[in-house]
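Beneath this line is the structure, given in structure tokens, with notes to follow.
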Amino acid sequence: MSANDREFALLARYLIGSVPPARFRARYESGCRALFGDPAAHSAALRLALRRPALLPLLDAGCALRRREDPLRQRLLLLTAILEASPEYADVFLPRTLTWPKLLLALPLRGVFAAAKALAGAVLLLAVREGAGP
Amino acid sequence: MIPAEVIVVGSGASGVHAAQALLEAGRRVVLVDAGEKDAHYAPLIPAKDFLTLRRTDPGQHRYFLGDDFEGVPFGPVRVGAQLTPPRQFITRLADRLAPVLSGEFAAMTSLALGGLAAGWGAASLPFIDDDLQGFPLSRADLQPHYDRVAARIGVCGDAHDALAPFMGPVNGMLPPARLDSNAASILKRYRRRSEAFARAGLHVGRARLAFCTVRHAGRGPARYHDMDFWSDHERAVYRPRYTIEELQRRFPDQFVLMMGCLAGSFEEDERAGTVRLHCTEIATGERVVIDGQRLILAAGVFGTARLVAASLGWDGRRLPLLCNPYTYFPALNFNRIGAPAANRRHSLSQLQMIHDPDGTRRHLLSPQLYSYRSLLLFKLVKEAFLGVRDSIGVLRELSESFVILGVHHEDRPHPGKYVVARKASGDSVALEVHWQPTASAERAQQRHEARIRRFLLQLGCLPVGAVRPGPGSSIHYAGTFPMCERGGAATCTPEGLLRATKSVFLADGSTFPHLPAKGLTFTLMANADRVGGAVARSLR
Ligand SMILES: Cc1cc2nc3c(=O)[nH]c(=O)nc-3n(C[C@H](O)[C@H](O)[C@H](O)COP(=O)(O)OP(=O)(O)OC[C@H]3O[C@@H](n4cnc5c(N)ncnc54)[C@H](O)[C@@H]3O)c2cc1C
């Protein structure tokens, strides 16, 4: 498996829980080339996520707070767009309605978790300096 | 050399209505336009509703994201971000051939068939006398032109709702567009307390849109596919190219359309009473000369400024510039959280509001309420401060109750806001915009926005931020050659004649001396119809 294959599989599994067919990988790669000029990422956060997939949720949350232009976040967003614009995965992104009681319980819980993750991620990112080797 | 009675530059909202008035008065017209088109994306989009396309079309990534991923923007929200890949042809050629330079002001200009209105939001609000302060015109002068333009383009809305006193009558209005679930709940809430809101200066009604809710002039009826930012299958939203097609059909012997031509400059022969337009064919670089008795410039505010400066040698001359400051408020509509929303809807503005902050009607604001769906979730996710995966989870649940309130502020001329032409290579002219609004205007905007936020809360919507995409972002430009009863060379007569010339008329936003906080395009079209009529009469 090449480095790009691993990156695609890691990010896709994180976003939707499975690895999509090869044509999505090709689309992802041409997106990286078109938007970032380079299919290979130069980001300490992404390199760390590739080595330690379990840290990806923290790094994602941390980047949203502290490094909004980080290649890790940008690549996650690109892959989100690609998956969203496909009949296979559209339903993962289309609006979902919840009942009020569920919303009242689920949303605050999710908010608390997300905030905790963001804080932990931000601290983690302090330790992950740009330019640090893999 | 091509002879014409009247040459019109520009196939945008202004140009086509000036041309129509001339043709209907029996004049021969040559209409020149750079004429960029989209032949790429339109054929890819099936005539189906948004949800069906999302669930069934394997080719959707091509138009939703763009073949070069031009629909996946990174960086801060900027002018033009609202243009989807199938609409980006509107600015493509202008970015290359007619750029506008500015540090702080982002100008969106078009060299496309139909101009900026090839992608406009269709909000069509007439000006009332209070909006026309500083114009040498009254609503009564514009009324027949509003009525004529409304009959051509089809304007829907409710002529009798709370907005009526701020709009005045417009003949032949089409039934209002169907409301989506968000808008219906907000309007209901407003109506329950409408008197209290009115006392506080807030009036809410149905959006006034150039949108065929019923079959009209061979267009529509709207099928509510929620694809209005992407495709034009049933032609429900008005686009100037429909007028061009109609003029070609109705006036085959009077009307010549010259697409693919870039106008560079004009010169007058005062003795002969003629005007000559110098153009370049974009594809071949060949020079084309068109002679006429009158020239109407409707090239958009920047395009017209460029042509006038290049022709009259106005290198370094400052021309005043107006542009409505724009802010939008994303908000959560608590009335709808957890409730399923109807699929069939349109993507344009759902509700129109008018806020009269001091009760004088002299500083009206006209916020517009939109729902968010067809621009896809990833754009919302990008703006959120949660991780991407968490944002998807949360925003999916909230997106049906997500609304956006866009607020335009009025704009008046000030020495700190101007455009200046500089001679560039060959005979081309570069435009530079300088934009330094006054602190007092900005304070007034903040005060008004604070009230708008409070209204949102009272209507059951929680604002979750305020986004100011920056100067230029309203895409409502005006004011470079203001019309006035008396003025210098760089002003126009009330009929649109540029005073520095004998036979050159301006029919776009260049002549508006002030910009009320209402979309200007309906008035642009009405005024262009008026100028076209005046030019036709001047030839008798
Ligand atoms: C996304 C978007 C949403 C909008 N929504 C609204 C709305 O809801 N309500 C509203 O009131 N307004 C709206 N607007 C603004 C509205 O589109 C413009 O005010 C209007 O289209 C301006 O029309 P115009 O004909 O004066 O100029 P333009 O649209 O700029 O047209 C100028 C024309 O001249 C041609 N041209 C220019 N220079 C040359 C040259 N040298 N040679 C040959 N041809 C030339 C161009 O090709 C173009 O066709 C919106 C704009 C955008 C982009």
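Annotations for the structure displayed:
- FRET efficiency, residue B:74 to residue A:23 (Cβ-Cβ, R0 22 Å, nearest 0.05): 0.40
- Surface per residue (accessible, 1.4 Å probe) for the protein assembly as shown, Å²: 38 Å²
- Helices in chain B, meaning DSSP H runs of at least 4 residues, each add -39500 (n - 2.57). Divided by all residues, the mean residue ellipticity at 222 nm is -8500 deg cm²/dmol.
- Among the DSSP helices (H) of chain A, those spanning at least 27 angstrom by Cα along their long axis with an average Kyte-Doolittle hydropathy of 0.0 or more are A:100-127; this is a geometric and hydropathy rule only.
- Here r is the Cβ-Cβ distance between residue B:248 and residue B:361 and R0 is 56 Å; the resulting FRET efficiency, rounded to 0.05, is 0.85.
- Between residue B:102 and residue A:5, the distance separating the two model label sites (each 7 Å from Cα on the Cα→Cβ line) works out to 5.1 nm.
- Averaging Cα coordinates gives a centre for region B:187-211 and one for region B:350-392; these two points are 17 Å apart.
- Computed with every protein chain present, the accessible area of residue A:51 is close to 120 Å² [probe 1.4 Å].
- Shielding value for A:72-79 is 4, the average number of Cβ atoms from other chains within 10 Å of each residue's Cβ.
- Between region B:86-104 and region B:239-297, the Cα center-to-center distance that results, in Å: 22 Å
- Between the C-alpha center of region B:479-540 and that of region B:410-474 there is a gap of 23 Å.
- Summed buried accessible area for A+B [probe radius 1.4 Å, Å², rounded to 100]: 3900 Å²
- Inter-chain Cβ neighbour average for residues A:99-105, partner chain, 10 Å: 2
- For peptide B:378-385, the mean count of partner chain Cβ atoms within 10 Å of a residue's Cβ comes to 5.
- The mean sequence distance of close C-alpha pairs (under 8 Å, at least 6 residues apart), as a share of the length of region B:1-138, puts its relative contact order at 25 percent.
- The apolar share of the surface of the protein assembly as shown, taken as the fraction of accessible area on carbon and sulfur atoms (1.4 Å probe, ligands and nucleic acids excluded), comes to 54 percent.
- Average Cα contact separation per residue, region A:3-127, under 8 Å, 6 or more apart, as relative contact order %: 31 percent
- Simple label model, 7 Å out from Cα along Cβ direction - residue B:286 to residue A:110, nm: 6.1 nm
- Here each label is just a point 7 Å from Cα along the line to Cβ, and for residue B:318 and residue B:138 those points are 3.5 nm apart.
- Selected from A:12, A:120, A:90 as most flexible by GNM, with chain A as the system and alpha-carbon contacts under 10 Å: A:90
- Relative contact order (percent, whole number), chain B, Cα cutoff 8 Å, 6+ residue spacing: 23 percent
- For the Cα trace of region A:3-127, dividing Rg by the Kirkwood Rh returns an Rg/Rh value of 0.99.
- Theoretical gain in end-to-end length, residue B:442 to residue B:193 [0.36 nm per residue, Cα-Cα removed]: 86.6 nm
- GNM result for chain A, Cα springs below 10 Å: residue of A:44, A:118, A:26 fluctuating most strongly: A:26
- Sites residue A:38 and residue B:267 - FRET efficiency at Förster radius 51 Å, r taken between beta-carbons, to 0.05: 0.50
The values are calculated or read from the model by the stated rules, or taken from the named source; none is laboratory data. All of these numbers come straight from a predicted model, not from anything done at the bench. Note that we place each Cβ from the backbone using ideal geometry, even for glycine, and neighbour counts take in every protein chain shown. The area values use the complete protein model at the heavy-atom level, side chains included, leaving out ligands, DNA and RNA. Shrake-Rupley method; radii C 1.70, N 1.55, O 1.52, S 1.80 Å.
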